[in-house]
Amino acid sequence: MDDQPVQFLAKLDLARNEIFARAGYKFTKDYYIDYYGKLAWYEQDPGFSESKFTDVQRANITLIRVAESAIKGLPFEIKSGTKLDYDQDGALETLTFSSPDENHMNLKIKDGSATTPWSIECEMPSKKVYLGDIDFDDGILDLFVDEFGPSDDYMVYVAGVKHKSFHQRNTAPGQIGKLKLDGKGAISTS
């Protein structure tokens, strides 16, 4: 990894941890103790709890983690019910997903009262969803779902999220854990 992505990762790390610092998190690593301890506004809160974070703070932490993973070329696992600005319109949407049987994976994005479904018919879905960014320049976040197939013929289903809807992007042979995203539109796998 060249210097530019490493420097950007360091800035993202500080941005993510600033959310914790502003809430009074007590850091244990010397680097953070030194960095945030020098800032006039930083004050430890013995009653700190992540449960006090707002939906926007949680979404920002998740989005920064997604960006950190994307720079490393990796998708980031998210949980059903995660609120995030998936379509990057400035409003939080909730993504839920389930696998009602061994041949389907159902995903839904809810924005206020509108719900958009995406159903994948596949054999043995992993029941996990990952978020990443195939192309940094297109303004679209991508969702990834593993299919384990009947005979080790693994497949990854990919959909971008745009205007509160899913746009089937691609399928790629392999498994999510072995995918590498280049941020320029290409997916490689081992």
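For the stretch 95-190, take the convex hull of the Cα atoms, compute a quarter of its surface area, and give me that in nm², please.
Values: hull surface 23.9 nm².
One quarter of the hull surface, i.e. the mean projection, equals 6.0 nm².
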Taking amide H positions as placed 1.01 Å from N in the peptide plane, with prolines and chain starts having none, which residues 5 or more places from residue 162, or on another chain, fall under 5 Å of its amide H? 167
How high is the relative contact order of the chain? Use alpha-carbon pairs under 8 Å, at least six apart in sequence, and give a whole percent. 15 percent
In the stretch 58-94, which residues have a backbone nitrogen under 20 Å from the label point lying 7 Å from residue 28's Cα in the Cα-to-Cβ direction? none
Accessible area per residue, Å², the stretch 15-97 with all protein chains present, probe 1.4 Å: 58 Å²
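List the relative contact order of the stretch 117-186 as a percent without decimals, with contacts defined as Cα pairs under 8 Å and 6+ residues apart. Could the numbers behind the result be given before it?
Working: 135 pairs, mean separation 21.0, N = 70.
It rounds to 30 percent for the stretch 117-186.
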Taking only the alpha carbons of the chain, what extent do you get along each of the three principal axes, in Å, biggest first? 56, 42, 29
In the full protein assembly as shown, how much of residue 127 is accessible to a 1.4 Å probe, in Å² to the nearest 10? 120 Å²
May I ask you to evaluate 6.51 cos²θ - 1.76 cosθ + 1.60, the Karplus curve with θ = phi - 60°, for each residue of the stretch 104-109 and list the ³J(HN,Hα) values in order in whole Hz, giving x for glycine and proline? 9, 10, 10, 10, 9, 10
Under 16 Å by backbone N from the virtual spin label 7 Å along Cα-to-Cβ at residue 43, the residues of the stretch 16-34 are 21-26
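Plugging the Kirkwood radius over Cα pairs into Stokes-Einstein for the stretch 1-89, at a temperature of 25 °C and a viscosity of 0.890 mPa s, what D comes out in µm²/s? Don't skip to the end; give the middle numbers.
Numbers: Rh = 14.5 Å.
The diffusion coefficient I find is 169 µm²/s.
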Could you tell me how many degrees, from 0 to 90 and to the nearest 10, lie between the Cα long axis of helix 3-22 and the main elongation axis, the longest principal axis, of the Cα atoms of the chain? 70 degrees
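The values are calculated or read from the model by the stated rules, or taken from the named source; none is laboratory data. Computed from a predicted structure; not experimentally measured. Ideal geometry is used to build each Cβ from the backbone, glycine not excepted, and the neighbour counts take in all protein chains shown. For accessibility, only protein heavy atoms count, side chains too; no ligands or nucleic acids. Shrake-Rupley method; radii C 1.70, N 1.55, O 1.52, S 1.80 Å.
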